[in-house]
There are 2 protein chains.
Amino acid sequence: MADDLLPVDEARARILAELTPTAAETVALAEGAGRVLARGVTARLTQPPADVSAMDGYAVRAMDSAEGATLAVVGTAPAGRPFGGTVGPGEAVRIFTGGFVPDGADAVLLQEDATASDGTVRVNETVKAGRHIRRRGLDFAEGAEVLPAGRKLTARDIGLAAASNNPWLAVHRRPRIGILATGDEIALPGDPIPPGGIVSSNAHALAALVRASGGDAVVLPIAPDDTHAIAEVAATAHAFDLLVTTGGASVGEHDLIQKALGGEGFALGFWKIAMRPGKPLIWGRLGRTPVLGLPGNPVSALVCGVVFLIPAIATLSGLPGAAAPTRRVVTAVALPENDRRADHLRATLSVDGDGRMMATPAQVQDSSMLATLARADALVLRAPFAPALPAGAEVEAVMLAELGV
Amino acid sequence: MADDLLPVDEARARILAELTPTAAETVALAEGAGRVLARGVTARLTQPPADVSAMDGYAVRAMDSAEGATLAVVGTAPAGRPFGGTVGPGEAVRIFTGGFVPDGADAVLLQEDATASDGTVRVNETVKAGRHIRRRGLDFAEGAEVLPAGRKLTARDIGLAAASNNPWLAVHRRPRIGILATGDEIALPGDPIPPGGIVSSNAHALAALVRASGGDAVVLPIAPDDTHAIAEVAATAHAFDLLVTTGGASVGEHDLIQKALGGEGFALGFWKIAMRPGKPLIWGRLGRTPVLGLPGNPVSALVCGVVFLIPAIATLSGLPGAAAPTRRVVTAVALPENDRRADHLRATLSVDGDGRMMATPAQVQDSSMLATLARADALVLRAPFAPALPAGAEVEAVMLAELGV
């Protein structure tokens, strides 16, 4: 049995290799935040569109603007209302930040370096040519790609797409993820609980994880452990970019899933993964739809969600699918040598007096303890056969808040 | 003028002191992720509800289960289908993970330590009392508070609320933030651009920032620089928990906002903040509605959004409002001594060979350059009068991705 444990990285790589990004859709700019660009965004104008003032002051000719000179103020150029004329010798135009620098002027005299009186302005500090002018195209030029395909759009990117005059964006469709909890013993919160049963927590927790990762989650009705019921759901799998099941992945149980899905042409992979918590995993395909079968145990399901499902949603969304980013932190306690399973220790984080991020793994890591997972800030990663470490040693940890889960 | 610059922390503290959390609303569990609990969540059941098996195997009496013993298998106890009888002397019950440990049994024999044959099972490894049993209430007990008021709910928390049988949650309402861009010179993307004008990027960038921070954003039609138009919008401010304006905050311009809002009972604060970019800020109240006036410059508006608006939304949402968390990183280049304004340098991040996070500030930090902001990963913070630093020195930085902006 020991021999057929699949390493975590290999399992993830095999899953991601079978997934392709969703096709494009057009969304309004205002709906673009958090979406992944299917096509790059090109600037449709040049910004600034002309040389503009970087400050409030006076547009002047530097050659006329030595300290002590007095200039005639012949107009104003606020942002949005260019001065139509030309600044001639001995002349100045009142200008404001963002105002177009008028013809003839080649510098801006700061208002704090000027004394204005009736129709004139006195130069109190010599002005150099080019000072306080933002050149045309300083931010971006028409035709330039301001945001590349594959980028997950931030609020700042929305600003840049707007400023470059793009009211529409081509983004990858949100991957639609069906979530199917199976089991005779589970009930939805508030529903009657069967004798000996428990309340189902996986489907809605995974739905929240899917949404936080940029997917659309569709929570399917709970399927009892019955091949007919599961097959009925499976027949609708074509509606999804990925079908996630939870439960029915233990030894023995997976036969049920396999049997139920067999009629729908399910090509089954059943993997025992060298990880804790959450070792059994189903990976296969129902027609064209990939199927990821997570364990029924809530902690295992969520940790497998972090390890496999989030990268899968990233790949489907048009992002590089990769292991969750980790951060180097310091373990607050000694850690024992690890066995052959990659371990994911639920840990809380704190900052010590030296500003170091300290991780304290929960003392009991039993995989049934969901409250311990909810209270955790991070998963401390322990590679297979990682050596024992003293308190104060560095370890890698997945920051759960950074994943939005 | 130098004397009346308000420090960033003081300005933020004054803003937050005037804000109170929104009232509660009831939402379905499935809608709770990312929301902030207005009331704690109490477990409505005990989990596990009884002593259960932690593994697949056989429920046995430890005193009968020394290596070599053979036990009669008298029933099965899968999860959700408890065995109704009692395990008597010399007996065992087939049990699966999560199955209730039947009366009489006090330990679980692992299936890998057992040899099953027709109606019996042989014990291949002596079983100790209590082994592989999860005690009733190990995860949580009925009546215990599993999630406290004030918590921003994660996917894991949704799982815990579900598992503890809570179909509904009491959360703070999403703060509704009105966003008003003002200016004669701005046009929406795709609309005709007035001569000398620019495309408005602030409103939709700020809306994305608001949504990423847990607020509801309402983008108002652009108001021209005209007291009547601004006053008309202001008359609807009561609909918002916070009204954000952008533009009209420069010297001179703020008179317009003040005049326009005066008729609606605007109590104005106009602050010059000791920060770069983004020094001018309006803070006041229109009737009961707080008003935050951000600069019109897009980079300044977004940086002020990070520094003031995100903490304001947090406070309105029932979270502690505080400065954005920072992370200690290493500057890749020497930094000059800072002047009296707190600086926020747009920087990209990379990881060096030793795993250190390196920040490289953009060479030109002109506040009109939105593309530089979009490309940045972090804002490197430079306190007023911070001394010059060599390349390789540690600095504090705000991670923009962690804020979701």
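The values are calculated or read from the model by the stated rules, or taken from the named source; none is laboratory data. Note that this is a predicted model, so its numbers are computed, not measured. Virtual Cβ from ideal backbone geometry, glycine too; neighbours counted across all protein chains shown. Ligands, DNA and RNA are excluded from the accessible area calculation, which covers all protein heavy atoms including side chains. Shrake-Rupley method; radii C 1.70, N 1.55, O 1.52, S 1.80 Å.
Assorted remarks:
- Estimated FRET transfer efficiency when R0 is 51 angstrom, pair A:GLN363-B:LYS259 (beta carbons, to 0.05): 0.20
- Spin-label proximity, B:ALA383 to region B:298-323 - amide N less than 16 Å from point 7 Å beyond Cα toward beta carbon: B:323
- Rolling a 1.4 Å probe over the protein heavy atoms of region B:82-161, with every protein chain left in place, gives an accessible area that is 46 percent carbon and sulfur.
- On the basis of the beta-carbon distance and an R0 of 41 Å, B:ARG14 and A:THR86 show a calculated FRET efficiency of 0.30.
- Buried between A and B is an accessible area of approximately 5200 Å², summed over both sides with a 1.4 Å probe.
- Per principal axis, descending, Cα span of region B:77-196 in whole Å: 93, 33, 23
- Backbone N atoms of region B:142-174 closer than 14 Å to the 7 Å Cα→Cβ label point of B:GLU25 belong to residues B:169-174.
- Average Cα contact separation per residue, chain A, under 8 Å, 6 or more apart, as relative contact order %: 16
- Summarising the label geometry, the points placed 7 Å from Cα in the beta-carbon direction at A:GLU112 and A:ALA149 lie 4.8 nm from one another.
- Percentage relative contact order, region A:326-403, counting C-alpha pairs under 8 Å, at least six apart: 47
- Peptide B:133-140 shows a mean partner chain C-beta count of 3 within 10 Å per residue C-beta.
- Whole-percent carbon and sulfur share, accessible surface of region B:326-403, 1.4 Å: 55
- Order of exposure, largest accessible area first, which applies to A:PHE385, A:PHE83 with probe 1.4 Å: A:PHE385, A:PHE83
- For region B:52-134: relative contact order, % (alpha-carbon pairs under 8 angstrom, 6 or more apart): 42
- Under 11 Å, Cβ to Cβ, from A:ALA223 - net charge with Lys/Arg +1 and Asp/Glu -1: -4
- Peptide A:29-36 has a mean shielding of 4, counted as Cβ atoms of other protein chains within 10 Å of each residue's Cβ.
- Antiparallel DSSP beta bridges within chain A, as percent of all bridges there, nearest 5: 70
- Distribution of pairwise C-alpha distances over region B:316-398, 10 Å bins, in %: 18, 47, 27, 8, 0
- Beta bridge orientation in the protein assembly as shown: antiparallel %, DSSP, nearest 5: 70
- Solvent-accessible surface (1.4 angstrom probe) belonging to A:TRP283, in square angstrom, nearest 10: 10
- For q = 0.07, 0.12, 0.13 Å⁻¹, Debye-computed log10 I/I(0) when each Cα of chain A counts as one equal scatterer: -0.52, -0.94, -1.04
- Förster radius 25 Å - calculated FRET efficiency between B:VAL333 and B:ALA401 (Cβ-Cβ, nearest 0.05): 0.70
- Going from the isolated chain to the complete set of protein chains, region B:188-210 loses at least 50 Å² of heavy-atom accessible area (1.4 Å probe) at B:PRO189, B:GLY196, B:VAL199, B:HIS204.
- Magnitude of the charge dipole, chain B, Cβ model with Lys/Arg +1 and Asp/Glu -1, debye to 20: 500
- B:HIS344 accessible area, assembled protein chains, probe 1.4 Å, Å²: 20
- With every protein chain in place and a 1.4 angstrom probe, the accessible-area ranking of B:SER65, A:SER368, largest first, reads A:SER368, B:SER65.
- Computed with every protein chain present, the accessible area of A:ARG81 is close to 120 Å² [probe 1.4 Å].
- Kirkwood-Stokes translational diffusion coefficient of the protein assembly as shown, alpha-carbon pairs, 20 °C, 1.002 mPa s, µm²/s: 72
- Counting only Cα atoms, region B:52-134 measures 30, 22, 20 Å along its principal axes, largest extent leading.
- With a cut-off of 14 Å between beta carbons, the residues surrounding A:HIS172 carry a summed charge of +3, where Lys and Arg count +1 and Asp and Glu -1.
- Sorting B:THR20, A:THR182 on solvent-accessible area from highest to lowest, probe radius 1.4 Å, gives B:THR20, A:THR182.
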